[in-house]
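Here is the structure we will look at.
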Amino acid sequence: MDGVLADFEGGFLKKFRARYPDKPYIALEDRRGFWVSEQYGRLGPELSEKAISIWESKNFFIELDPLPGAVEAVKQMANLADTDVFICTSPIKKYRYCPYEKYAWVEKHFGPEFLEQIVLTRDKTVVSADLLIDDRPDITGAEQNPTWEHVLFTACHNKHLQLKPPSRRLHSWSDDWRAILDSKRLPPSQAT
């Protein structure tokens, strides 16, 4: 959800700069690596904890803006024949606000009918699916060979990564996500 449907990076930067206006920050075009707190920690040891405090705060997740085209694309996807869409998202470890706010965010942007489509898990490898569209480049967990194909969703922190075939990338929701879904519908000999 974060970084694919919800603008985690933009929301984080806006709140970090508002809360810590005199502290150095990392512009979105300079973000590298999935873990925001690690990159901020390299700027200064105290900045890692300050970064973490942002997404552990009340209203962080519920106030995230949707990424451009995300809501429309997922609603269109959910209306396709023979297509089940689930929103698979990981809660943060300090979970006081996160799970509730993620559910509230989905209800706010997708409607109450989508609440049944949320999978909240720290380990996405145990989820059974055909595709997992995610901005994290390295998804690992208990299942060594997940059933899904990982499609990397482009985000500021991963846009510089070169993928090795057969790995695929979805650059944005204006990219041809339908072709990716359709490729899973074809017999394996015809998939591209």
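What the table shows:
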{"read-out": "Matching residues, the range 121-142, being over 21 Å from Ser183 (Cα atoms), surrounded by 13 or more Cβ atoms within 10 Å (Cβ to Cβ) and hydrophobic (A, V, I, L, M, F, W, C)", "value": "Val126, Ile139"}
{"read-out": "Filter result for the condition that a residue is without any contact (Cβ under 8 Å) to a residue 40 or more places away in the chain, small (Gly, Ala, Ser) and either assigned to a loop (DSSP other than H, G, I, E, B) or touching a strand residue (DSSP E or B) at 6+ places or on another chain (Cβ under 8 Å) (or both), over Ala179, Ala155, Ala142, Ala129", "value": "Ala142"}
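Throughout, read-outs are computed from the coordinates displayed, never taken from laboratory work. Keep in mind the model is a prediction, meaning the values are calculated, not measured. Because the Cβ atoms are built from the backbone with ideal geometry, glycine has one as well, and the counts that use them run over all protein chains shown.
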